[in-house]
1. Can you tell me which residues in region 102-122 are closer than 18 Å to Phe139 by Cα and among the charged types (D, E, K, R)?
2. With the requirement that a residue be aliphatic (A, V, I, L, M) and in contact (Cβ under 8 Å) with a residue 60 or more places away in the chain, what does region 157-184 give you?
3. At least 1 residues that are over 25 Å from Asp136 (Cα atoms) in each: list the helices (runs of 4 or more DSSP H) lying fully within region 223-293 that qualify.
4. Can you name every residue in region 35-73 that is modelled with pLDDT under 95 and more than 30 Å from Gly278 (Cα to Cα)?
5. State yes or no: is Arg288 within 20 Å of the chain's Cα centre (by Cα), open to solvent by 80 Å² or more (accessible area, probe 1.4 Å) and of a type in the set (Lys, Arg)?
6. Can you tell me which condition Ile155 does not meet? The list is (1) surrounded by 15 or more Cβ atoms within 10 Å (Cβ to Cβ); (2) more than 18 Å from the chain's Cα centre (by Cα); (3) among the β-branched types (Val, Ile, Thr); (4) closer than 24 Å to Ser176 by Cα, and all the others hold.
7. Just give me the residues in region 1-23 being open to solvent by less than 50 Å² (accessible area, probe 1.4 Å) and more than 16 Å from the ligand (Cβ to nearest atom), in sequence order.
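The values are calculated or read from the model by the stated rules, or taken from the named source; none is laboratory data. As the structure is a computational prediction, the values presented were derived from the model and not from experiment. In this analysis, Cβ positions are derived from the backbone assuming ideal geometry, glycine residues included, and neighbour counts consider all displayed protein chains. Heads up: the accessible areas ignore ligands, DNA and RNA and are worked out on the full protein's heavy atoms, side chains in. Shrake-Rupley method; radii C 1.70, N 1.55, O 1.52, S 1.80 Å.
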Amino acid sequence: MRTTYRSFAKVNLHLEVLGLRPDGYHELRTVFQSVDLCDLVSLEIAGRGVQLEVVDQGLPSDGRNLAYRAAALFLETWPLADGVRITLEKHIPMGGGLGGGSSNAASVLHGLRDLLDAKQASDGQLVQLGRSLGADVPFFFTGGTALGSGRGDEITALPDLPERQIWLVTPAVEVSTASVFREYRELTADQEVSSMGPLVWGEDADWGVVDGSWNDLETLVTSRFPEVRRVYNALVEAGAGLVRLSGSGATCLAFFEGAIENAELASRLPSNCRVFRGRTLSRSMVQRLRVVQ
Ligand code: C5P
């Protein structure tokens with residue numbers, strides 16, 4: 001039997017870099033938000049070991065792929081007589097700050113537990129395995145609107161913001177997360193670590209709270225990558241109420257107060273961008289839509 005899961009993307013509505021940790025990672029305070037852009041991850045218990053087929057995007061289908069590594073780690077932890085066959089249909093742009101690979105890894109771990117009825121695998125253990133694969137993975141077990149602290153991997157659910165339309169625009173440029181963090185560290189080496197003010201995100205938070213949020217990596221990434229700057233500026237000029245870099249980029253997210261047509265926006269953007277118009281997702285919608293019926 002083959003089961004297909006939706007593996008949703010995330011954006012960062014807020015991202016603060018608080019300092020360097022002894023493990024070489026950065027201490028973050030970030031707010032994640034699920035969006036309805038998704039990859040499809042199909043799982044089947046069959047064959048031997050891990051077999052991965054990636055549809056589209058010419059991605060590796062071996063241990064360089066996080067979905068593969070997630071399945072291998074699951075089988076190491078909970079060995080099986082049979083193997084796992086994974087088919088991954090990609091729609092989330094790679095290296096775009098949308099957490100595609102991390103989301104796929106979480107879908108594989110979560111899906112394998114469902115399929116194997118692996119009762120011995122607790123939620124905490126799944127999250128722990130996910131964390132060892134990447135700092136963004138734990139968020140995808142929670143979804144909706146959530147606070148990430150530590151490396152961004154300690155997740156606290158926040159009250160969901162009402163679902164709303166969101167635009168995601170990914171320029172055709174690869175941004176390396178590791179090098180963005182490295183350069184940010186060099187640039188801010190002689191500055192005080194940001195004084196962690198209160199994050200105003202109460203029980204009755206509405207979208208107004210996002211106006212008072214920011215992304216510490218945005219100035220650096222928009223100044224280093226003209227492609228990102230062009231997209232960012234085009235979204236502002238098109239009248240977006242809010243434009244923000246997601247994670248370390250390259251994707252810019254935007255909200256428009258009024259209606260804007262795809263064609264109108266596309267005419268303002270560089271031609272080689274990927275444009276997605278979708279919706280933010282609440283935690284309950286993420287759970288409800290997780291399995292493709
Ligand atoms: O955990 P992940 O592999 O997604 O992170 C990619 C890179 O981004 C890390 O190797 C690290 O250089 C940088 N990073 C960081 N601090 C974080 C998250 C990521 O320095 N909190």
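1. Arg113
2. Ala157, Leu158, Leu161, Ile166, Leu168, Val169, Ala172, Val173, Val175, Val180
3. It comes to 226-237, 262-268.
4. Across region 35-73, the qualifying residues are Ile45, Ala46, Gly47, Arg48, Gly49, Asp62, Gly63.
5. When the stated conditions are applied, Arg288 passes them.
6. (2)
7. Thr3, Thr4, Tyr5, Phe8, Leu13
Condition check ((1) at pLDDT 95 or above; (2) within 16 Å of the ligand (Cβ to nearest atom); (3) polar (S, T, N, Q); (4) open to solvent by 40 Å² or more (accessible area, probe 1.4 Å)) across all residues:
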position: Arg85; (1), (2), (3), (4): yes, no, no, yes
position: Glu89; (1), (2), (3), (4): yes, no, no, yes
position: Ile92; (1), (2), (3), (4): yes, yes, no, no
position: Leu98; (1), (2), (3), (4): yes, yes, no, no
position: Ala118; (1), (2), (3), (4): no, no, no, no
position: Asp123; (1), (2), (3), (4): no, no, no, yes
position: Leu129; (1), (2), (3), (4): yes, yes, no, no
